[in-house]
Amino acid sequence: MTPSAVRSLLFIVAFLAAMALLPAFIRSEFWLTFLILALYTASLGQAWNVLGGFGGQYSFGHAMFFGVGAYAAAVLQVRFGINPWVTLGAAFVLGGATGAMVGALTFRYGLKGSYFALVTLAFAEVFRVLANTFEFTGAGVGMMIKLAPGAANFQFVAKTGFYFTILSIVAAGLMVAWWLKHSRFGAWLTAVRENEDAARALGVDVFRVKLGAITLSGAMMATGGVFYVQMFQYIDPPLAFGAGISVEALLVAIVGGMGSIFGPLIGAFTLALVNHTTTELIGRAPALSMALYGLLLIVMVTFLPNGLIGGLASLARRLGLRQRSGGDE
Amino acid sequence: MLEPQILWPALLNGLTMGAIYALIALGLTLVYGVLHIINFAHGSLLMLGLYAVFFLFKFWKVDPYVALLALVPGMFALGYALQRLVIGRGSHGKDENILLVTLGLSIIIENLALHFFGSETRQIETAYSSAMVNIAGASLTVPRVAASAGALTCCAILWLIMARTDLGRAIRAIAKERQGARLVGIDVEHIFAMSFGIGLACLGAAACFLLPAFYVSPQVGHTFVLVAFTVVVLGGMGSFVGSLVGGFAVGVVESFGGLMLGESLGQIGVFVIFIAVLLFRPSGLFGHKV
C-alpha cells in the first residue's frame, strides 16, 4: 500500500471509531434519529457515488435498485416468512443482479451521458408500474411489515440498534470507496470516467469495468432499501421507485463531492442540517426544503463542480498551503 | 375486445392527445437540435404554464384560449432569461451538467408549486368543457378537438418561422455548425436563448390548449417529461417531422395500452418504447446518426 492509501485508511478507521462512540454521549432520541437518517442518506449517496462519482455514469433512476432491495425484504418476509437479516443478503444479490441486467443492456449498446441518465429513469418507472400492478407486491396499497420487535428480527427496540446497523453499512461503503481510490479496478473506472476512448486505447475493457461498477452500485443501493423497510416497516411503489430516492442519492454525492471517499457523508450531513435549519426557521415545510435542495444542486454544478470537498481543498490551497503543493504535484 | 366501436374512439383519443404531445415535444427537440442539451425541466415548465392558465381563469375569468396572448410571450421571456442567466452558465462544457442543472430547476419548480398551490388536482369548468362532437361514430369533447387543431396550427407556425425567417435560418445554421455560424456574425448566445425561448413558447401554447381538456397538479410535469422525451427520442432528436409522428405514435400507444392492459399496467408502454428506442435505434425514426 502506498503511504497515501494507509493515511486515508487510518482516517476512515478514526472516523468510524469516533462515530461508534457518539451514541454514548447522545441522550436525546431526536439527535440519534437525526444521525441515523443522515447516515442512511449517506449510504444511498455512496452507492450512487460508485457509479456516478467514480465512473462518471450519472444515473437518474437509482431508486430502481433501492426499490428492488426494499421489495425483496418486504416480499420475502411477508409472503415467505424469511428472517429480515437473510433478506438483507438476498437484496444485496438481487440489487446487484438488477444492476448487472440494466448495465449489460445499456452499456452493451453504448448509452452514455444524458441518454444513460434518462434510460435509468425509465427503468425505475417500469419497476414502479410493475410494483403498482401485481398483487404479489401489494399493488398500489404497498406492503406492511409485521411488528416483531427484537434484534433477531432487525426491529430494534432501542434506536442505537438501527444506528450501529446503518453505521456498519456506511463503513462498508467507505471501504468500497477507499478500495476504488487505491485499486487497479478503481483506476480503470476513473480512466473510463475521464476519457472512455483513451481508456479503451490503453487496453481497459470499458464495458466490463462499467458493468462491475453498476453491479456494485446496485447491490449497495439495495441494502439501503432493506434498511428503509426495517426502519419504517412500510413500502409502496412511489416511495420505493419514485424520483425522490434517485434525487436524494445523486444530490448528496454531488453536494459533498463526486468521486471522493467522504463526499456522500459530507453531502448527507449538510443536507440534513439544511433541512433541520429550515424546519426550525419556518416550521415543517418539506416541499420548501426540497426546493432548497434543487437550488443547492444548481449552485454546486455551476460554482463548485467538485462539491464541498473540492471547494474545501481549493480553499485550503489558496490559504497559504500552496508552497507545499508545488513539489508534490 | 377488438371491435371497431371500441378501437375507433381509442384511436381518436390517442391521436388528439398525440397532437398535444407533439407540440410539447417540438419545444424539447428544438432546444436539443440547437443547443445539444437535454432540458429535464421541460415538464415542470409546462406545469408552471398550466398553473398560469388556471389562475388567469380563476381570478380574472380569462378564457384559456385568450390566455394564449399572455402565455406565449410570457413563457418565451422566461425561457430567454433562463437560458441566459441560469442554464448557459452551469455547463462547463459537459452536457451531463446541463441535465443536472435542469433537474435542479425542475425540483425547485415542482416543490415551490407543491408548497404554494398544494398537491390537489385542479380543473377548470368552461361553457364548452363538456360539449361533444361526433366524428364518424366516436364522441370527443370540444376542448380535445380544439387542442389538437391548435397544436397542429402551432406546429405549422413554428415550421414557417424555421423555414422562412432570418431567425429560423440563424437557428438552423447554429444547429448545423456552431463555429461557422459565429464566424459569419451570428450572435450565438442570443440565438441559443431565442431557441430556448421558442421552446418554452410552445409549452405556453400547449398549456392553454391542454388545460380545458386536462387538469393540473404539481406532479403533472413529471408525468409529461418522460412522455415528451419518448416522443423526441422516437422521432429522432432534433427532427421536427419526427416529433409530429412520434407524438401521434406515443398518444396512440398510450391509449391502446390503457385499453388492453388496464389502467395501471397500461402506463408501461411509453417507458418500454423509450428504453427500446434508446437501446436499439438511438437515432430514432427520422434522426441522423449520432
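The values are calculated or read from the model by the stated rules, or taken from the named source; none is laboratory data. Predicted model, so just to flag it, every value in this text is computed and none were measured. Heads up, the Cβs are rebuilt from the backbone with ideal geometry, glycines too, and the neighbour counts pull from every protein chain shown.
Structure notes:
- 2 or more residues away from chain A (no Cβ under 14 Å): qualifying helices (runs of 4 or more DSSP H) within segment B:182-290: B:188-210, B:240-261
- Among the candidates B:L100, B:L46, the residue that is under 17 Å from the mean Cα position of the chain (by Cα), among the aliphatic types (A, V, I, L, M), assigned to a helix (DSSP H, G or I) and under 30 Å from A:L296 (Cα atoms) is uniquely B:L46.
- Just one of the listed residues (B:N111, B:N39) is under 25 Å from B:T230 (Cβ atoms), under 14 Å from the mean Cα position of the chain (by Cα) and polar (S, T, N, Q), and it is B:N39.
- Residue in segment A:35-47 that is surrounded by 19 or more Cβ atoms within 10 Å (Cβ to Cβ), hydrophobic (A, V, I, L, M, F, W, C) and in contact with a strand residue (DSSP E or B) (Cβ under 8 Å, 6 or more places away or on another chain) present: no
- All positions within segment A:128-140 that are surrounded by fewer than 19 Cβ atoms within 10 Å (Cβ to Cβ) and more than 12 Å from chain B (Cβ to nearest Cβ): A:F136
- Annotation note: Cβ proximity below 8 Å between a residue of segment B:53-81 that is in contact (Cβ under 8 Å) with a residue 60 or more places away in the chain and a residue that is of a type in the set (D, E, K, R) and assigned to a loop (DSSP other than H, G, I, E, B) (sequence gap 6+ or interchain) occurs for B:F57/B:D63.
- Matching residues in segment B:186-223 - criterion: being in contact with a Leu (Cβ under 7 Å, 6 or more places away or on another chain) and among the charged types (D, E, K, R): none
- Scanning segment A:74-127 for residues that are in a helix (DSSP H, G or I), touching a Pro at 6+ places or on another chain (Cβ under 9 Å) and either within 14 Å of chain B (Cβ to nearest Cβ) or at pLDDT 95 or above (or both) yields A:Y115, A:F127.
- Output for segment A:156-173, where each listed residue is modelled with pLDDT under 85 and surrounded by 15 or more Cβ atoms within 10 Å (Cβ to Cβ): A:F156
- Taking the criterion of being within 10 Å of A:N49 (Cα to Cα), surrounded by fewer than 24 Cβ atoms within 10 Å (Cβ to Cβ) and touching a Leu at 6+ places or on another chain (Cβ under 8 Å), no residue of segment A:242-260 qualifies.
- Residues within segment A:84-100 that are out of contact with any helix residue (DSSP H, G or I) (no Cβ under 7 Å at 6 or more places or on another chain) and farther than 10 Å from A:T223 by Cα, tallied: 3
- For segment B:72-89, the condition of being surrounded by fewer than 16 Cβ atoms within 10 Å (Cβ to Cβ), within 14 Å of chain A (Cβ to nearest Cβ) and over 22 Å from A:G244 (Cβ atoms) holds for at least one residue.
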